[in-house]
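Engineer: I have a structure here, written as structure tokens, and I will follow up with some questions on it.
Each value in this text was obtained by applying a stated rule to the coordinates, not by laboratory testing. Owing to the predicted nature of the structure, the values given are computational and were not obtained by experimental measurement. Please note: Cβ atoms are built from the backbone with ideal geometry, for glycine as well, and neighbour counts cover all protein chains shown.
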Amino acid sequence: MTDQTPAAPLPVLKPGAIPVAPGPFTLAIDIGGSHVKASVLDRDGTLIAREVRVATPRPATPRAVLQAIAGLVAELPPYDRISAGFPGYIRRGRVATAPNLGTKAWAGFRLDQGLQKRLKKPTRVLNDADVQGLGAISGHGIEVVLTLGTGIGSALFHDGALMPHLELGQHPIAKGKTYDRYLGNAALKHKGPKRWNHRLKKAIEIVRTLTNFDTLHLGGGNVRLIDFHLPPHVKRAANIEGITGGVRLWDPSFDAFFAEPRRRKRR
Ligand code: BGC
């Protein structure tokens, strides 16, 4: 007999119910090549509001993206601090590259300061695949994250510690093509899902040889298009982890990542 019991209705939070969740509250933002998403997390990384999203503005200048984020924040509950995942190489809050937004417009921009000034709370920013990884990993052994979207994000962890700035997206994988050009959205559109799946299979084995991962997590919007049985030690990550991973940026173990470098004393 099949279970015909209707699904229980989702609980409706009464006004004033939210503060029961434990703070501090983190506004978590995922800046992507096609969408900007945001929500607010409690101390443990649980969403206290539904995720809100908007199409990434074009041209995706810093000003336009900050404006889009401010629009999303207006729909969300209050927060104490901010975390953001950015689709490029970013170090101590300063953007170096933004392949799918426009490096020319972004290079040198202090995204942490831009967000902090606009939204008035302390801010930490990391690469988007690093943030997704922080939401997805188990903390055991070598874990690699690949995100399959407009561009290809990559992150590497050892026993839960982030080895930052791995940019496979900009690294050649085949015939002079970078992972972005080989597996990103444009390639998927151009080659179709069958060829794209074939390429992904090859890429998984190349990344296995490159990193000797214990676990590979596959995230990003295009994970839903995978049509083959995943090989050993390869798992799907949930998209929401690009948001929930944001809470981890405030772990004390990350303080050094965001501290200004100390000046070396001259001898
Ligand atoms: C960038 C990465 C980013 C990825 C996903 C690539 O084009 O090089 O830094 O993580 O896209 O957004």
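Engineer: Short version: ³J(HN,Hα) in whole Hz for each residue of segment 211-226, in order, from phi by Karplus 6.51 cos²θ - 1.76 cosθ + 1.60 (θ = phi - 60°), x for Gly and Pro, what are they?
Structural biologist: 10, 6, 4, 7, 9, 10, 9, 9, x, x, x, 7, 4, 5, 8, 5
Engineer: Please compute P(r) over all alpha-carbon pairs of segment 128-170, binned at 5 Å starting from zero, and give each bin as a whole-number percent.
Structural biologist: 6, 28, 36, 20, 8, 2
Engineer: Within straight cross-link reach of residue 202, meaning Cα distance under 25 Å, which lysines are found once same-chain residues fewer than 8 apart are removed?
Structural biologist: By straight Cα distance, residue 202 reaches 175, 177, 189, 191, 194, 235.
Engineer: Residues of segment 46-80 with amide nitrogen under 20 Å from the 7 Å Cα-to-Cβ point of residue 104?
Structural biologist: 57-66
Engineer: Using only C-alpha positions, report the orientation-averaged shadow area of the convex hull of segment 19-130, nm², one decimal.
Structural biologist: Quarter of the Cα hull surface area: 6.2 nm².
Engineer: Here's another thing I want to ask about it. Given a Förster distance of 45 angstrom, what is the FRET efficiency for residue 194 paired with residue 94, based on the Cβ-Cβ distance and rounded to 0.05? Don't jump to the answer; show the numbers that get you there.
Structural biologist: Working: r = 41 Å, r/R0 = 0.90.
Between residue 194 and residue 94 the formula returns 0.65.
Engineer: Here is a follow-up. Just for the Cα atoms in the chain, what are the lengths along the principal axes, largest first, rounded to whole Å?
Structural biologist: Largest first, the chain extends 80, 54, 39 Å along its Cα principal axes.
Engineer: Report the label-to-label distance for residue 20 and residue 61 in nanometres (one decimal), using points 7 Å from each Cα along the Cα→Cβ vector.
Structural biologist: Each label point is offset 7 Å from its Cα along the Cβ direction, giving 4.6 nm.
Engineer: Still on this structure, please answer the following. Convex hull volume of the Cα atoms in segment 138-250, per residue, in Å³? Provide the component values of the computation, followed by the final result.
Structural biologist: On the way: hull volume 11.2 nm³, N = 113.
Hull volume over Cα atoms, normalised by residue count, gives 99 Å³.
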